[in-house]
Amino acid sequence: MLDQTQIHDILNEIPLFAGCSAQVLDALGAVAEQREFKKGEVIYEAGEQALEMYVLLHGLVSFKTPSGVGHLFVETLMKRHMIFGWAALVPEHPRRLGSAACMETSTVLVMNGDRIMEILSGDPQAGFLVMKRLCSMIASTFIDKSKA
């Protein structure tokens, strides 16, 4: 299990949270829970309410949407920068657009979206920075890369 200092450092490496104050990163780390999912286990299904966001620490997760399948693979500690399930940060908890399943045993940090938003509302500078980056992530998700 990771300690709070390690979680703080991991969160600071993730582009969504990089550069937030130490207080914000510590508060985010305090709401993060490390979980392990077995090969074949479904983390979430399309259509479920988006309540939690995930940080992949180790493993292979497959994402299935109506438009196709993508794979996210983290081989080493240095590549722990991927988040998924970011819809949990969108107000009013939209439904999941796709499903996430483990292609091999995977370790993730699980963070409640409402708790993240409470923390960010207490620090408007961090909140603005994270929401600006989230908007960019959402926009890039829906760009048709086949036409680029």
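The values are calculated or read from the model by the stated rules, or taken from the named source; none is laboratory data. Please read all numbers here as calculations on a predicted model, not as lab measurements. Heads up, the Cβs are rebuilt from the backbone with ideal geometry, glycines too, and the neighbour counts pull from every protein chain shown.
A few points about this structure:
- For ALA100, the requirement of being part of a helix (DSSP H, G or I), in contact with a Phe, Trp or Tyr (Cβ under 9 Å, 6 or more places away or on another chain), surrounded by 15 or more Cβ atoms within 10 Å (Cβ to Cβ) and modelled with pLDDT of 80 or more is not met.
- Residue match in the stretch 24-46 (condition: loosely packed, with under 15 Cβ neighbours inside 10 Å and at pLDDT below 90): yes
- Enumerated strands (runs of 3 or more DSSP E) restricted to the stretch 1-65, each holding at least 1 residues that are on the phi > 0 side of the Ramachandran plot: 52-65
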